[in-house]
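Following: one structure in structure tokens, then a few remarks.
The values are calculated or read from the model by the stated rules, or taken from the named source; none is laboratory data. Predicted, not measured: the structure shown is a model, and the values here were computed from it. Cβ placement follows ideal geometry from the backbone for every residue including glycine, while neighbour counts extend to all protein chains displayed.
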Amino acid sequence: MTPQLPVEALERLEKAERRQRRETAKRGLQALPVSVLGLWLLQRGLCGCGCDTPLNPLVEWDEKSPPDDFIVIAHVLARGSRGTHDRKNVELWRHACNKRDAGPDTSGAASVKRFTPDMQRKLLASTETRDPKKWQRAGKIPQPKVSKLSREYRKSLKVYSGKT
């Protein structure tokens, strides 16, 4: 028999599902509505990671020390690894199980993302379009470096020494 899901917990999980669906759609990935109550019934109130620990819907979130039994909406294939937000990829997990399983996926996806051509283009564009006023340090705009072997450098020495 499946334990009951309190209304407050159902509303909180539905809100989290809508937020994750919006974030997934913004990334250009498939994002379909998923019924949280349907997930609860299909999983019979147990964690979806396979540990078969009963989910406790009454646990409150604490930012300083997140409780292990807090229910989260987890993606089996991480969205950073081109995972979608649909019934086949979404499950209800305990926070501890999600942290254990998603950590390696998200760190690996982040390192790959840094080296993709799209990300490199974004980094270059952000440096090219900087406002020169932001370059000022202590009231000075950085001047381009002049090589000591160049003609400009030798001319500047002659100007300072008074030679022509």
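Please find, within region 18-38, the residue that is modelled with the lowest pLDDT out of those that are aliphatic (A, V, I, L, M) and in a loop (DSSP other than H, G, I, E, B). Steps first, please.
So the first thing to find is which residues in region 18-38 are aliphatic (A, V, I, L, M), and the list is 25, 29, 31-32, 34, 36-37.
After this cut, where a residue has to be in a loop (DSSP other than H, G, I, E, B) as well, the list is 29, 32, 34.
On the way: Leu29: 88, Leu32: 94, Val34: 94.
So the residue we want is Leu29.
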| remark: Matching residues in region 1-38 (loosely packed, with under 14 Cβ neighbours inside 10 Å and of a type in the set (A, V, I, L, M)) number 4
| query | Which residue pairs have Cβ atoms under 7 Å apart, sit 6 or more places apart or on different chains, and have a first residue in region 1-30 that is under 23 Å from Gly45 (Cβ atoms) and touching a residue at least 24 places away in the same chain (Cβ under 8 Å) and a second that is aromatic (Phe, Trp, Tyr) and part of a helix (DSSP H, G or I)? | reply | Leu5/Trp40
| note | Reported set for region 39-63 where residues are outside any loop (DSSP other than H, G, I, E, B), without any contact (Cβ under 8 Å) to a residue 40 or more places away in the chain and surrounded by fewer than 16 Cβ atoms within 10 Å (Cβ to Cβ) is Leu41, Leu42
